[in-house]
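Here is the structure we will look at.
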């Protein structure tokens, strides 16, 4: 695996990185991780992507990680030696799309695959349905890791990068024969609940305990913290108090509400099912940092015994950067201890499965994938 980094985040820098990586005969696919602040447009970037002969998959994210540093501008190109195939799945906004049928038609025999890197448009409303379909098709055949592309502007635009250009409402899947170990941790703890979700809309919770979701949320926040939450301050409050979805026999799954609709619905990154029981969560900084360290420990534990680490791929929620602020460096430090290169994204939702559990879309969570040295 080879890593090329353009800290300036320019179209010229992207082109140079892609050209250098494409000249390596050991590389069979490229992973491209770019910052939203680069302000890439299809007009500037599509010709560069289209002229790249090596298969590529990529996304645009609020921040990227290179070794022990967080970058709000720049582009990483990672050359991967064991790519079985790269596929793009469209229509993640189409309510009628049959993802299982699409996956059955397009995707490869999974017998060669050990790891799938999955990048999705973080604002597509059917991410959870797509991930569920992906698991229904492939099950526990291999490890999954990835995250949602997007920016903190919350603007809908093309965030996924392919050989055909920049696309939106899509997912790009890189199937690798490289063994891996996956670890997940979040560090959030229950503050109040659980409560039942009694009405839902597209990517939105409409009612909780039969009350408009925003009214219920702000009432509960005031009762538990004394904080007055209105529409203008909602994002500043919710970043510290997300939802946790109850799960039998496992850690709660975090959902990040980030927007209040005019009808009082709360829009989340990822779906919440009607009838689900949710809690309102809180976290201390040290618990978040300890959870990131745990994600690394679990990933190393899960790597097959005969393999050694070649690359660490860290998928960490952008809201953890916001919550930890200057202490986010401590989180990077605790996952940078293997002595091997670390690359990563600060994502709009995290995706993972360890090969022994159900595939999940997470929010506000740290996911570490250690890829074996080839």
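The values are calculated or read from the model by the stated rules, or taken from the named source; none is laboratory data. As the structure is a prediction and not an experimental result, all values here were calculated from the model. In this analysis, Cβ positions are derived from the backbone assuming ideal geometry, glycine residues included, and neighbour counts consider all displayed protein chains.
Results, tabulated for the structure shown:
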item: Criterion: under 30 Å from residue 48 (Cα atoms) and in contact with a helix residue (DSSP H, G or I) (Cβ under 7 Å, 6 or more places away or on another chain) - qualifying residue of 145, 113, 120; result: 120
item: Residues of the range 154-186 satisfying the condition of being outside any strand (DSSP E or B), under 17 Å from the mean Cα position of the chain (by Cα) and over 14 Å from residue 121 (Cβ atoms); result: 186
item: Test: residue in the range 41-51 that is over 26 Å from residue 123 (Cβ atoms) and modelled with pLDDT of 95 or more; result: yes
item: Residue within the range 165-176 that is touching a residue at least 40 places away in the same chain (Cβ under 8 Å), under 30 Å from residue 102 (Cα atoms), in the same structural domain as residue 48 (by TED's automatic domain parsing) and in contact with a helix residue (DSSP H, G or I) (Cβ under 6 Å, 6 or more places away or on another chain) present; result: yes
item: Selection status of residue 119, outside any helix (DSSP H, G or I), touching a residue at least 40 places away in the same chain (Cβ under 8 Å), in the same structural domain as residue 304 (by TED's automatic domain parsing) and under 19 Å from residue 57 (Cα atoms); result: yes
item: Sole exception among (1) closer than 20 Å to residue 343 by Cβ; (2) touching a helix residue (DSSP H, G or I) at 6+ places or on another chain (Cβ under 8 Å); (3) at pLDDT below 95 for residue 283, by number; result: (1)
item: Odd one out for residue 91, checked against (1) modelled with pLDDT of 95 or more; (2) farther than 14 Å from residue 343 by Cα; result: (1)
item: Positions within the range 54-68 being at pLDDT 95 or above, out of contact with any helix residue (DSSP H, G or I) (no Cβ under 6 Å at 6 or more places or on another chain) and surrounded by fewer than 21 Cβ atoms within 10 Å (Cβ to Cβ), in sequence order; result: 55, 66
item: Test: residue in the range 230-241 that is crowded, with 20+ Cβ neighbours inside 10 Å, under 23 Å from the mean Cα position of the chain (by Cα) and not in a helix (DSSP H, G or I); result: yes
item: Restricting the range 285-303 to residues that are touching a residue at least 12 places away in the same chain (Cβ under 8 Å) and farther than 24 Å from residue 119 by Cα, the residue that is surrounded by the fewest Cβ atoms within 10 Å (Cβ to Cβ); result: 301
item: Total residues in the range 222-257, condition closer than 23 Å to residue 362 by Cβ and in contact with a strand residue (DSSP E or B) (Cβ under 7 Å, 6 or more places away or on another chain); result: 17
item: Flag if residue 9 is at positive phi, over 20 Å from the mean Cα position of the chain (by Cα) and either assigned by TED's automatic domain parsing to the domain that holds residue 148 or touching a residue at least 60 places away in the same chain (Cβ under 8 Å) (or both); result: yes
item: Flag for residue 20 being assigned by TED's automatic domain parsing to the domain that holds residue 170, in contact with a strand residue (DSSP E or B) (Cβ under 6 Å, 6 or more places away or on another chain) and outside any strand (DSSP E or B); result: yes
item: Residue check, residue 316 surrounded by fewer than 17 Cβ atoms within 10 Å (Cβ to Cβ) and closer than 22 Å to residue 150 by Cα; result: no
item: Subset of the range 261-283 [in contact (Cβ under 8 Å) with a residue 60 or more places away in the chain and more than 22 Å from residue 122 (Cβ to Cβ)]; result: 274, 275, 277, 279, 280, 282
item: Among the candidates 178, 88, residue that is more than 22 Å from residue 321 (Cβ to Cβ) and surrounded by 21 or more Cβ atoms within 10 Å (Cβ to Cβ); result: 178
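Results for (1) in contact with a strand residue (DSSP E or B) (Cβ under 8 Å, 6 or more places away or on another chain); (2) within 24 Å of residue 166 (Cβ to Cβ), shown as yes or no for each residue.
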residue	(1), (2)
78	yes, yes
81	no, no
88	yes, yes
99	yes, yes
102	yes, yes
111	no, no
115	yes, no
118	yes, yes
121	yes, yes
